[in-house]
Amino acid sequence: MSEPKKKTRESRKKTAAILIAAALGVCVVGLFFLNTGDLTFDFDFLFEPEETVQYVYSGDGVHRISLYEPDWDSNILEDPEYLDKNRYITYVDGGLSITIVDEDYSDYGEPVELLANYLNALIMGDAELANSYFADSYFDENSPLDKITMQKLYNISIEYIARADKDLPDLGNVTQYVYKLSYMIMENDGTFRSDVTSDAIKPQFYTIIETSNGLEIYDVDSYYDPFEE
């Protein structure tokens, strides 16, 4: 009497396995149909090229950064998706946080006005104008921007960090300001920054100096050390 029961259990297990396999097959096929958005099967989906990636060295290893293909003819001010982003600049000083909606950046100091103009040059894709906000000495160790697309910057924040009088070897006594600059780049193509993915934030600290030539960006770094001389 035990032999028929054993065969029945084995038969049920085989049936269950077949049903599970069939259900998985239906799910896989369904995913391909969902990819097309209609009831056709998208065979091209099986042969689409892998996402283009760029490897970028950031000082502590090789990081896999996925970047968009540059579109040199695109006018981002005609892109409704970008225009729907928060493109205002927020100024932060301690516990104070103000979103500047009237673009009157001079109310928050000349360094903030300089950074706002610099950001606008990036948004407009004007590499030459963006370079003009830097001190000549900055390009002794850094390459100027060559050619950039219009940058889809949004969620922009300029945070005041410090002000001090410094004695710099190449400039003598100067007033130095430090600001933390944060923003996201929609569909980042790497022509401006290749060290950050799209819609991510990787802040930088901008050192601005005031000399007889006016205000200039003296240095850009990924960190700020208040005890560094």
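The values are calculated or read from the model by the stated rules, or taken from the named source; none is laboratory data. As the structure is a prediction and not an experimental result, all values here were calculated from the model. Quick reminder, even Gly has a Cβ in these numbers, built from the backbone with ideal geometry, and neighbours come from all protein chains shown.
Of note:
- Evaluation of residue 214 against the conditions (1) on the phi > 0 side of the Ramachandran plot; (2) within 22 Å of the chain's Cα centre (by Cα) shows that the sole unmet condition is (2).
- Residues considered: 139, 134. Of these, the only one that is surrounded by 14 or more Cβ atoms within 10 Å (Cβ to Cβ) and closer than 19 Å to residue 222 by Cβ is 134.
- Of the candidates 189, 225, the single residue that is part of a loop (DSSP other than H, G, I, E, B) and modelled with pLDDT of 95 or more is 189.
- Looking across the range 146-175 at every residue that is surrounded by fewer than 17 Cβ atoms within 10 Å (Cβ to Cβ) and at pLDDT 95 or above, the one that is nearest to the chain's Cα centre (by Cα) is identified as 147.
- Residue-level check: of (1) under 17 Å from residue 188 (Cβ atoms); (2) at pLDDT 95 or above; (3) part of a loop (DSSP other than H, G, I, E, B), residue 51 misses just (2).
- Answer residue from the range 54-66, given it is in a loop (DSSP other than H, G, I, E, B) and either in contact with a helix residue (DSSP H, G or I) (Cβ under 8 Å, 6 or more places away or on another chain) or surrounded by 10 or more Cβ atoms within 10 Å (Cβ to Cβ) (or both) and is modelled with the highest pLDDT among those: 66
- Qualifying positions in the range 183-196 - buried (at least 18 other Cβ atoms within 10 Å of the Cβ) and more than 18 Å from residue 157 (Cβ to Cβ): 187, 189, 190, 191
- Check on residue 125, under 25 Å from residue 214 (Cα atoms), without any contact (Cβ under 8 Å) to a residue 60 or more places away in the chain and in contact with a Lys or Arg (Cβ under 9 Å, 6 or more places away or on another chain): yes
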